[in-house]
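Read the structure below first, then the notes.
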């Protein structure tokens, strides 16, 4: 299979399309490029980056909520570690895709309901009753992304 199609082998197809794009760029010819699927894959990459950003923001909010609302002492270091890792991942995502930066406030706002549900569910799994009402807690984008921690209980 010298020239696999999009449905046959995505990786080989993508590599072939990349070569075709380079050839087209050097010869001003674009006849062999699978334009519709190239466009779909490029859009999928953008969706994947947005999804990774949202997932890490949700993780940070979930763990900030647990730090603020959980009566437990032991898992706090692990929650902080998870937050630090997710913040680092977000930094890398934004460095690689700075065009996502303007959407941060929207992403943080949209992540709160999912993060609250996760935090409440995890605390319930461990039989913990939150010390404050989780549904009343909201974090700003700055609190989520910078080196900020909720007040100590």
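Every read-out reported here was derived from the displayed coordinates using simple, explicitly stated rules and does not represent laboratory data. Owing to the predicted nature of the structure, the values given are computational and were not obtained by experimental measurement. With ideal geometry, Cβ positions are generated from the backbone for all residues, glycine too; neighbour counts draw on all protein chains shown.
The angle between the Cα long axis of helix 76-96 and the longest principal axis of the Cα atoms of the chain comes to about 30 degrees, rounded to the nearest 10.
Suppose only helical runs count, i.e. DSSP H with n ≥ 4. What mean residue ellipticity at 222 nm does that imply for the chain under -39500 (n - 2.57) per run, divided by all residues and rounded to the nearest 500 deg cm²/dmol? Roughly -23000 deg cm²/dmol at 222 nm, from the helical runs in the chain. Considering only alpha-carbon pairs that sit under 8 angstrom and 6 or more positions apart, the relative contact order computed for the stretch 1-134 is 27 percent.
Approximating the spin labels as points 7 Å out from Cα along Cα→Cβ, the residue 32-to-residue 12 distance works out to 1.5 nm. The length gained by stretching the chain between residue 138 and residue 94 to full extension, at 0.36 nm per residue less their Cα-Cα distance, is 13.6 nm. Scaled against 2.2 N^0.38 Å for its residue count N, the alpha carbon radius of gyration of the stretch 7-153 is 1.42.
Seen against the Cα atoms of the chain and their longest principal axis, helix 35-69 is set at about 10 degrees.
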